Amino acid sequence: MAEPHCKDAVPDLTGTWVLNRRLSTDPDEIMVLQGVPWVIRKVLRHARLSLQMWQTTSPSAEKDTCTEEKHDESSVLADNSKSVTSLRVTQTVNPGGFDSEGSYFIDGSKQDASLPIFGDVQMQLQFIDRSEIVEDTIREIVKVASLSDKVIQELAHNTTKGWEAEVIWGFEELEGKRYLTRNISTTKEEKKVIAKMVYDGPK
């Protein structure tokens, strides 16, 4: 996948991405907070996790976002209202049998998902400026490392298990290379856990 040709471009997650465990945070603490059973956590600790994603946007949104032409805020909002961006995600866990597949709109709407690992989750995905990231620590990390000013914010809530999360999807430069990253802040009652998942992309 080509990198965005300017920092104002929205990230395109299309591609196959494999979890890089060396660069990622150990996810065990965050999964404990999310109520993932011990046996599943043990399997995930050693499994190969990959994401295959297809991101598509309606033709009305196909415009050059990097031109020097200036638009007032109302015209930008009008343009955005015409576009529909969707993301189809297939997660493969090998071995494990916890594969999942789903399609989501990146428009801020509330969407329900039933996931083998996390159960029933309500999600909202939207493009935001990195300055709008809610969690302070993640916002500072992304400000330094992100390769674009735009990121995808995922807000997730599991009412049954009582946790909520802010997940920031984007591309970062780590050790001089470009990686897909998910910076995750999960809270339950008074406890918060922050983690980073790093994914290798196509060679």
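The values are calculated or read from the model by the stated rules, or taken from the named source; none is laboratory data. Worth saying up front: this structure is predicted, and the values here are computed from it rather than measured. So basically every Cβ, Gly included, is an ideal-geometry build from the backbone, and we count neighbours across all protein chains shown. Just the protein is used for accessible areas: all its heavy atoms, side chains included, with ligands, DNA and RNA removed. Shrake-Rupley method; radii C 1.70, N 1.55, O 1.52, S 1.80 Å.
Those residues that are surrounded by 16 or more Cβ atoms within 10 Å (Cβ to Cβ), over 17 Å from residue 11 (Cα atoms) and not polar (S, T, N, Q), I need them from the range 44-59; list them, please.
In the first step, residues of the range 44-59 are kept if they are surrounded by 16 or more Cβ atoms within 10 Å (Cβ to Cβ); the result is 44, 47, 49-51, 53, 55.
Of the ones still in play, those that are also over 17 Å from residue 11 (Cα atoms) are 44, 47, 49-50.
Hits for the range 44-59 are 44, 47, 49.
Just the residues that are closer than 19 Å to residue 37 by Cα and crowded, with 19+ Cβ neighbours inside 10 Å, please, taken from the range 157-193.
158, 163, 165, 186, 193
Those residues that are in a strand (DSSP E or B) and either more than 17 Å from residue 108 (Cα to Cα) or among the acidic types (Asp, Glu) (or both), I need them from the range 159-169; list them, please.
Residues of the range 159-169 in a strand (DSSP E or B): 163-169.
Result: 163, 164, 166.
Looking only at the range 194-203, count how many residues are open to solvent by 60 Å² or more (accessible area, probe 1.4 Å) and in contact (Cβ under 8 Å) with a residue 24 or more places away in the chain. Before you say what the answer is, go through the steps one by one.
Looking only at the range 194-203, we keep the residues that are open to solvent by 60 Å² or more (accessible area, probe 1.4 Å), and these are 194, 202-203.
Okay, now just the ones that are also in contact (Cβ under 8 Å) with a residue 24 or more places away in the chain, so 194, 202.
Selection size over the range 194-203: 2.
Whether any residue in the range 150-173 is at pLDDT below 95, among the hydrophobic types (A, V, I, L, M, F, W, C) and over 12 Å from the mean Cα position of the chain (by Cα) is what I want to check.
Within the range 150-173, not a single residue is at pLDDT below 95, among the hydrophobic types (A, V, I, L, M, F, W, C) and over 12 Å from the mean Cα position of the chain (by Cα).
Give me the residue from the range 5-15 that is open to solvent by 40 Å² or more (accessible area, probe 1.4 Å) and not polar (S, T, N, Q) and, out of that set, modelled with the highest pLDDT.
Checking each candidate, the answer is 12.
Can you tell me which of 36, 18 is part of a strand (DSSP E or B), modelled with pLDDT of 90 or more and surrounded by 14 or more Cβ atoms within 10 Å (Cβ to Cβ)?
Details: 36 fails: part of a strand (DSSP E or B).
Among 36, 18, only 18 is part of a strand (DSSP E or B), modelled with pLDDT of 90 or more and surrounded by 14 or more Cβ atoms within 10 Å (Cβ to Cβ).
The conditions are (1) assigned to a strand (DSSP E or B); (2) touching a residue at least 24 places away in the same chain (Cβ under 8 Å); (3) open to solvent by less than 50 Å² (accessible area, probe 1.4 Å), and residue 148 fails exactly one of them. Which is it?
(1)
For residues that are closer than 27 Å to residue 46 by Cβ and not aliphatic (A, V, I, L, M), tally how many sit in the range 90-133. Give the derivation first.
The first filter runs over the range 90-133 and keeps only residues closer than 27 Å to residue 46 by Cβ, leaving 90-102, 113-121.
From what is left, the residues that are not aliphatic (A, V, I, L, M) are 90-92, 94-102, 114, 116, 118-120.
The qualifying residues number 17.
Of everything in the range 21-33, what is open to solvent by 30 Å² or more (accessible area, probe 1.4 Å) and either of a type outside the set (Lys, Arg) or touching a residue at least 12 places away in the same chain (Cβ under 8 Å) (or both)? Give them in sequence order.
Taking the range 21-33 first, the residues open to solvent by 30 Å² or more (accessible area, probe 1.4 Å) are 21-23, 25-29, 32.
Result: 23, 25, 26, 27, 28, 29, 32.
Just checking, which of 136, 112 is more than 22 Å from residue 10 (Cα to Cα), acidic (Asp, Glu) and either surrounded by fewer than 19 Cβ atoms within 10 Å (Cβ to Cβ) or touching a Cys at 6+ places or on another chain (Cβ under 6 Å) (or both)? Reasoning before the result, please.
On the way: 136 fails: more than 22 Å from residue 10 (Cα to Cα).
Just a single option satisfies the conditions, and that option is 112.
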